[in-house]
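Enquirer: If you scroll down you'll find the structure; I have some questions about it.
The values are calculated or read from the model by the stated rules, or taken from the named source; none is laboratory data. Just so we're clear, the structure is a prediction, and the values are computed from it rather than from any experiment. Methodologically, a virtual Cβ is constructed for each residue, glycine included, from the backbone with ideal geometry; neighbour enumeration extends over all protein chains shown.
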């Protein structure tokens, strides 16, 4: 395995090892580029994952201090846990459900399609679906996405069968077990899904794609990739010309180290990535690195989300098998006649008894709550996920008071729902309940959004430098050897789960970075 | 469909014995495990047995599950004694909170909270304090300390960890048999 010198100024330093950073690292390593990945969390391998919700949360979740504000309910119920994401090698690809969907064409052109919407900072992406299609195809092949590349769909579990039956009664047409980066048959050295049912706690069979046991070991095998766990990036440094020169990070022992770099790529997820740019402010960049537009940290999106759980007369045992076991796509279209722009997906979801108690209706107590809990084995559940409106005031800033153990200001997350988000959620709750009522649900529970799993948009892509932070390759408008490689690049959020697009962009970005390095442009 | 055996695989009395230094003979003798009336709280170091027993009553009134014996609620609230021993702020939050609840109960029913006879009357007292830091702390802790006990999961029809059993691929992940034909 490679080990690079701290003073090796020829390496690409990537901050983060998840869908964006882990993929970019491997892709660059395969092309012969020397890469150091700084990962804030530990390296926890597949066999160490635990099928226990709270224990796994303690093992994997990013629980470092963050603060919140805004009218979203998460700020009240979980004021220091705005996001449910991972601090470990592999990042949130250890925890993700595996849903791998392409954006629709109009979702790259939201400003042109939706027009002006009060309060929304809409902007078209500087890339179109046609340009992304070959990269989506590469990502689907890499990740082994079901229903692509001749890969069979996964078998539907009980939770899916309930949703499917209800969907068909309602007349929904696009209903199936999803496009999942979970092996339905052995592929790429990994086995088939064993229907374990703890996808969110790290897949113990490795059937689900995660950079932890795909991209990262493949990259390491080239001798060009070094992953440094327990290495928290503190600040990106630059020279007098404004080019970045390296990253200061706290190592395992808490000592500060400086890794020199030819290129820096930031992939710390949409809360930490803008935090790092803002914490890297200097005399030359007083408002934070790459922030001449003032857009760093703004347009924070978290998807319109919510869940519907439904209780039936007879057992479902929704927790058996794939957590996200199937999808209804009929509402993903843009049909403003419904009272909102953009669309949403309905995807099965199951949580165990410990998390059901915590998330069904945070703070609720008494017999109405315990009655719902006692119906647990007879429950089916779905997650609702749709496009939310980017708003400039939804934003990651540096908390004026709270600091981390290294003395750096923590991220503060402000979020208010846009009226379009609220209208979409209400529609989705109603349709979700209708799906279950169609097959005999005796009661349905609209469940508020969990801490954010899809964190997007805080270093948005734009054609013009004044409108955003990065260009169509994720290269910052202000600093040519500084890149953003995670979902914070997203100009808008689309209805679907973001990981496939993050991975596709990372593959494409690797091509761009390697070419630019070869041409000595960076 | 494969249904879940609701009987707990654990022996509650043995389990609790491990946590307590002195388990009274009466608790060992009972076939249903500890109950709130037993002397399980006598070894508390910081909170009084009466305070701990009030917390147990309160816990059941917050999350009433009639199929759960007191022992599960005792397991859920017993750690407050240790937390109060470590942190004076916790100790006063609990003691002041319980004193306030008892006072409200005496004002209305001439009895301390734990002796107010009917659940509906006790719940009405809890509703009066549900916005207080005391109630929120107890409730927020309980939602984990009660529902995260592995021993209660079978009673909710939840099977817990599955990887060591090979997942559910051969254990009923798709065995639903009552849906209308699609």
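Enquirer: Consider region A:4-40. How many of its residues are more than 19 Å from residue A:488 (Cα to Cα) and buried (at least 24 other Cβ atoms within 10 Å of the Cβ)?
Expert: Total satisfying the criteria: 8.
Enquirer: In addition: Which of the numbered conditions does residue A:111 fail, given that it passes all the others? Conditions: (1) in contact with a helix residue (DSSP H, G or I) (Cβ under 9 Å, 6 or more places away or on another chain); (2) surrounded by 15 or more Cβ atoms within 10 Å (Cβ to Cβ); (3) farther than 29 Å from residue A:448 by Cβ.
Expert: (1)
Enquirer: Please work out if residue A:56 is in a helix (DSSP H, G or I), surrounded by 21 or more Cβ atoms within 10 Å (Cβ to Cβ), under 20 Å from the mean Cα position of the chain (by Cα) and touching a residue at least 24 places away in the same chain (Cβ under 8 Å). Talk me through it step by step, then tell me what you get.
Expert: Details: in a helix (DSSP H, G or I): yes; surrounded by 21 or more Cβ atoms within 10 Å (Cβ to Cβ): no; under 20 Å from the mean Cα position of the chain (by Cα): yes; touching a residue at least 24 places away in the same chain (Cβ under 8 Å): yes.
So residue A:56 does not fit the description; no.
Enquirer: Another question about this same structure. Out of A:393, A:370, which single residue is at the interface with another protein chain (Cβ under 9 Å from one of its Cβ atoms), at pLDDT 95 or above and either assigned to a strand (DSSP E or B) or out of contact with any helix residue (DSSP H, G or I) (no Cβ under 7 Å at 6 or more places or on another chain) (or both)?
Expert: Going through A:393, A:370 in turn, just one is at the interface with another protein chain (Cβ under 9 Å from one of its Cβ atoms), at pLDDT 95 or above and either assigned to a strand (DSSP E or B) or out of contact with any helix residue (DSSP H, G or I) (no Cβ under 7 Å at 6 or more places or on another chain) (or both): A:370.
Enquirer: Would you pick out the residues in region A:161-194 that are within 23 Å of the chain's Cα centre (by Cα) and surrounded by 22 or more Cβ atoms within 10 Å (Cβ to Cβ)?
Expert: Passing the criteria: A:177, A:178, A:179, A:180, A:181, A:182, A:183, A:193.
Enquirer: Let me ask you something else. Among helices (runs of 4 or more DSSP H) lying entirely in region B:1-78, which contain 2 or more residues that are modelled with pLDDT of 60 or more?
Expert: Details: elements: B:12-19, B:25-29, B:49-62, B:70-77.
It comes to B:49-62, B:70-77.
Enquirer: Test residue B:123 against the stated conditions and say whether it is in a helix (DSSP H, G or I), within 7 Å of chain A (Cβ to nearest Cβ) and under 19 Å from residue A:56 (Cα atoms).
Expert: Considered against the rule, which asks whether it is in a helix (DSSP H, G or I), within 7 Å of chain A (Cβ to nearest Cβ) and under 19 Å from residue A:56 (Cα atoms), residue B:123 comes out as no.
Enquirer: For residue A:362, state whether it is facing chain B (nearest Cβ under 10 Å) and outside any loop (DSSP other than H, G, I, E, B). Break it down into steps so the answer makes sense when it comes.
Expert: On the way: facing chain B (nearest Cβ under 10 Å): yes; outside any loop (DSSP other than H, G, I, E, B): no.
No; evaluated as a whole, the condition is false for this residue.
Enquirer: Then there's this: What residue, of A:270, A:282, A:205, is assigned to a loop (DSSP other than H, G, I, E, B) and more than 28 Å from residue A:5 (Cα to Cα)?
Expert: A:205 is the lone residue from the list that is assigned to a loop (DSSP other than H, G, I, E, B) and more than 28 Å from residue A:5 (Cα to Cα).
Enquirer: Of the numbered conditions (1) assigned to a loop (DSSP other than H, G, I, E, B); (2) over 21 Å from residue B:143 (Cβ atoms), residue A:79 satisfies every one except a single condition; which is it?
Expert: Exception for residue A:79: condition (2).
Enquirer: Also, quick follow-up: Can you name every residue in region A:377-390 that is within 11 Å of chain B (Cβ to nearest Cβ) and either surrounded by 24 or more Cβ atoms within 10 Å (Cβ to Cβ) or farther than 23 Å from residue A:162 by Cβ (or both)?
Expert: Answer for region A:377-390, where residues must be within 11 Å of chain B (Cβ to nearest Cβ) and either surrounded by 24 or more Cβ atoms within 10 Å (Cβ to Cβ) or farther than 23 Å from residue A:162 by Cβ (or both): A:379, A:380.
Enquirer: Quick one: would you say residue A:221 is without any contact (Cβ under 8 Å) to a residue 40 or more places away in the chain, over 30 Å from residue A:318 (Cβ atoms), out of contact with any helix residue (DSSP H, G or I) (no Cβ under 9 Å at 6 or more places or on another chain) and away from every other protein chain (no Cβ under 14 Å)?
Expert: Taking the combined requirement at face value, the residue does not satisfy it.
Enquirer: Conditions first: (1) away from chain B (no Cβ under 14 Å); (2) within 23 Å of residue A:209 (Cα to Cα). Residue A:57 passes all but one, so which condition is the exception?
Expert: (1)
Enquirer: Also: Check whether at least one residue in region B:58-78 is away from chain A (no Cβ under 14 Å), closer than 26 Å to residue B:152 by Cβ and without any contact (Cβ under 8 Å) to a residue 40 or more places away in the chain, and report yes or no.
Expert: Looking through region B:58-78, at least one residue is away from chain A (no Cβ under 14 Å), closer than 26 Å to residue B:152 by Cβ and without any contact (Cβ under 8 Å) to a residue 40 or more places away in the chain.
Enquirer: Related question: Tell me which residues, restricted to region A:289-320, are within 19 Å of residue A:349 (Cα to Cα) and out of contact with any strand residue (DSSP E or B) (no Cβ under 8 Å at 6 or more places or on another chain).
Expert: A:314, A:315, A:317, A:319, A:320 - these are the residues of region A:289-320 that are within 19 Å of residue A:349 (Cα to Cα) and out of contact with any strand residue (DSSP E or B) (no Cβ under 8 Å at 6 or more places or on another chain).
Enquirer: Could you please find all residues in region A:69-83 being away from chain B (no Cβ under 12 Å), surrounded by fewer than 21 Cβ atoms within 10 Å (Cβ to Cβ) and in contact with a strand residue (DSSP E or B) (Cβ under 9 Å, 6 or more places away or on another chain)?
Expert: The answer is A:69, A:70, A:75, A:80, A:81.
Enquirer: If you take the residues in region B:162-182 that are under 17 Å from residue A:205 (Cβ atoms) and facing another protein chain (nearest Cβ under 7 Å), which one is surrounded by the fewest Cβ atoms within 10 Å (Cβ to Cβ)?
Expert: Filtering first and then ranking leaves B:166.
Enquirer: Which count do you get for residues in region B:127-139 that are closer than 14 Å to residue B:60 by Cα and at the interface with another protein chain (Cβ under 8 Å from one of its Cβ atoms)?
Expert: So the answer is 1.
Enquirer: Now, a different point. In region A:127-158, how many residues are more than 14 Å from chain B (Cβ to nearest Cβ), crowded, with 18+ Cβ neighbours inside 10 Å and out of contact with any helix residue (DSSP H, G or I) (no Cβ under 9 Å at 6 or more places or on another chain)?
Expert: 2
Enquirer: Now, a different point. Looking only at residues that are under 19 Å from residue B:55 (Cβ atoms), within 7 Å of chain A (Cβ to nearest Cβ) and assigned to a loop (DSSP other than H, G, I, E, B) in region B:140-161, which one is nearest to the chain's Cα centre (by Cα)?
Expert: Result: B:147.
Enquirer: Let me ask you something else. Is it true that residue B:111 is at pLDDT 95 or above and not in a helix (DSSP H, G or I)?
Expert: In short, yes.
Enquirer: Which of the following residues is surrounded by fewer than 19 Cβ atoms within 10 Å (Cβ to Cβ) and out of contact with any strand residue (DSSP E or B) (no Cβ under 9 Å at 6 or more places or on another chain): A:519, A:508?
Expert: A:519
Enquirer: When residue A:446 is evaluated against the numbered criteria (1) part of a strand (DSSP E or B); (2) free of Cβ contacts under 8 Å to residues at least 24 places away in the same chain, which criterion, by number, is the only one it fails?
Expert: Only one criterion is unmet by residue A:446, namely (2).
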